[in-house]
1. Once you have the Cα-Cα distance between D95 and A80, take 0.36 nm times their residue separation minus that, and quote the gain in nm to one decimal.
2. Shape verdict for the chain, please, from the Cα gyration tensor: rounded (a/c under 1.5), prolate (a/b greater than b/c) or oblate.
3. In Å, the Kirkwood hydrodynamic radius of the stretch 86-125 over pairs of distinct alpha carbons?
4. With a Förster radius of 30 Å, plug the Cβ-Cβ distance of D109 and A88 into 1/(1 + (r/R0)^6) and report the FRET value to the nearest 0.05.
5. Can you find, among V48, A88, P107, the residue farthest towards the positive end of the dipole of the chain? Put +1 on the C-beta of Lys and Arg, -1 on that of Asp and Glu.
6. Starting from the 7 Å offset along Cα-to-Cβ, what nm value, one decimal, do you get for the label separation of F125 and E12?
Amino acid sequence: MSNIPEDLEYTEEHEWIRDNGDGTLTVGITDHAQEALGDLVFVELPEVECRVESAEACAVIESVKAASDVYSPLTGEVTATNPLLEDAPETINEDPYGAGWLFKLRPSDPAQLGNLLDAAGYRTFITETD
């Protein structure tokens, strides 16, 4: 069973979201997603200061098996991207909830957080869809 931290929010597209407490959110892909993708070899992240829309593709992760889009969990502005992933995309495989984060986002409508799944909801979702 995949690691699903209780303190995060999740999407049905397998992104996780951490509230940084400063008006920004950190976004990454879940342990479940990185396991399904396999060994990651390339990550294309959104540009800092670009606007992203909720549920729209904003990044790409490539593995030895396939390429997969990453979707923004909320509408807002990208405030930072993870520079480590440019040279070491495998960091996502090694530490998806820590050093393997993808980007930080300042949401334009924090109320959209209410549309996300908690850990129990995400656990149920992946159990029902696998």
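No lab work stands behind these numbers, since they all come straight from the coordinates. Worth saying up front: this structure is predicted, and the values here are computed from it rather than measured. Backbone-built Cβ (ideal geometry, glycine too); neighbour counts: all protein chains shown.
1. Result: 3.6 nm gained on full extension.
2. Details: a/c = 1.61, a/b = 1.07, b/c = 1.50.
Judged from the Cα gyration tensor, the chain comes out oblate (a/c at least 1.5, b/c at or above a/b).
3. On the way: mean 1/r = 0.0797 Å⁻¹.
Computed over the stretch 86-125, the radius equals 12.5 Å.
4. The calculated FRET efficiency here is 0.35.
5. P107
6. 0.8 nm
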